[in-house]
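Heads up: the structure comes next, in structure tokens.
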Amino acid sequence: LLLMRNSAAAGLTLGLMTIKPHVAATLGLYCIVARRWAVVATAIATVLATSVLATFFFGVGVWGAFLDGARETSMFLASAAHPLHRMPSFYA
């Protein structure tokens, strides 16, 4: 709704959607094509702020753990070790 109102605050929600990158990428691309620069700038600032906060509260080791988890998940998906009927979305 914020995006439809052309509100820069839409960037806050877009930035928080980094946990669902396939959705964030689609809406982010739309904002770039539609030249909604205030939304894009707010989204980037939100991602940077949450990344800094995560590093502050959990330490720099959180990024290595994230990458290790992403690699492990990728291996499970590539080897078909995880049953398809348990996938949370088609994106997986």
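Note on region 2-60: percent of Cα-Cα distances in each 5 Å bin, starting at 0 and stopping at the bin with the largest distance, equals 4, 21, 29, 22, 12, 7, 4, 1. Residues in region 1-74 average 71 Å² of solvent-accessible surface per residue, probe 1.4 Å, ligands and nucleic acids excluded.
For q = 0.20, 0.27 Å⁻¹, what log10 I(q)/I(0) does region 28-92 give under the Debye formula with an equal point scatterer on each alpha carbon and no solvent? Treating every Cα as an identical point scatterer, log10 I(q)/I(0) equals -0.90, -0.98. Nonpolar atom fraction for the chain, defined as the carbon and sulfur part of the 1.4 Å probe accessible area, stands at 73 percent. Simple point charges give the picture: +1 on the Cβ of Lys and Arg, -1 on the Cβ of Asp and Glu, and for the chain a dipole about the Cα centre of about 320 debye. Descending by average beta-carbon neighbour count within 10 Å, the peptides 36-49, 15-28, 65-78 line up as 36-49, 15-28, 65-78, the highest first.
For the pair Ser79 and Ile19 in one chain, pulling the backbone fully straight at 0.36 nm per residue adds 19.2 nm over the alpha carbon distance. With each label modelled as a point 7 angstrom along the Cα→C-beta vector, the Ala70-Thr55 pair spans 1.5 nm.
The values are calculated or read from the model by the stated rules, or taken from the named source; none is laboratory data. Predicted model, so just to flag it, every value in this text is computed and none were measured. No Cβ is skipped: glycine too gets one built from the backbone with ideal geometry, and neighbour counts run over all protein chains shown. Surface accessibility is based on the protein's heavy atoms, side chains included, excluding ligands, DNA and RNA. Shrake-Rupley method; radii C 1.70, N 1.55, O 1.52, S 1.80 Å.
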